[in-house]
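*Asks:* Structure in structure tokens, see below.
Since every read-out is calculated from the coordinates, none of them should be taken as a lab result. Small disclaimer: the values here were computed from a predicted structure and weren't measured. Here the Cβ positions follow ideal geometry from the backbone for every residue, glycine too, while neighbour counts run over all protein chains shown.
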Amino acid sequence: MVKYGLLAKLEAKPGKEQEVATLLGGALPLAEQEAQTRTWYAFRTGPASFGIFDTFDDENGRQAHLQGEIAKALMNNADRLLASPPQIDRIDLLASKH
């Protein structure tokens, strides 16, 4: 069972919503290249609200993801696209169904 996760919450600046959606959708190939990332989801919860949820088998995988290409792309574009810094929460999974 995967036991570790990350939940990132993102709020787009006014007028930047489509660019955030495009950035997140375009990150899928990067996630697919991360051998230690078990699941990766990019989602939208409102007109300007977005998120990323991903899971890992161990802390090493989670840490590798935080230092990976998706995190770099997000942080390199945060000032231009996001209304505030991303809120990134570390999650310890208690149960899951696949």
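*Asks:* Could you compute how fast region 35-98 diffuses translationally, taking Rh as the Kirkwood radius over C-alpha pairs and applying Stokes-Einstein at 20 °C with viscosity 1.002 mPa s? Give it in µm² per second.
*Replies:* 162 µm²/s
*Asks:* Taking 7 Å along the Cα-to-C-beta vector as the label spot, tell me the GLN18-ILE91 distance in nanometres, rounded to one decimal.
*Replies:* 3.0 nm
*Asks:* What is the extension gain from GLN63 to ASN77, computed as 0.36 nm multiplied by their sequence separation minus the C-alpha to C-alpha distance, in nm to one decimal?
*Replies:* 3.0 nm
*Asks:* Here's another thing I want to ask about it. Go through region 57-66 residue by residue and turn each phi into a ³J(HN,Hα) via Karplus (6.51, -1.76, 1.60, θ = phi - 60°); whole Hz please, and just put x for glycine and proline.
*Replies:* 6, 8, 5, 4, x, 4, 5, 4, 5, 5
*Asks:* Bin width 10 Å, origin at 0, all Cα-Cα pairs of region 5-55: what percent of pairs per bin?
*Replies:* 26, 52, 20, 2
*Asks:* Can you tell which of THR22, THR39, THR55 shows the greatest fluctuation in a Gaussian network model of the chain with Cα springs below 10 Å?
*Replies:* With Cα springs under 10 Å in the chain, the top fluctuation among THR22, THR39, THR55 is at THR22.
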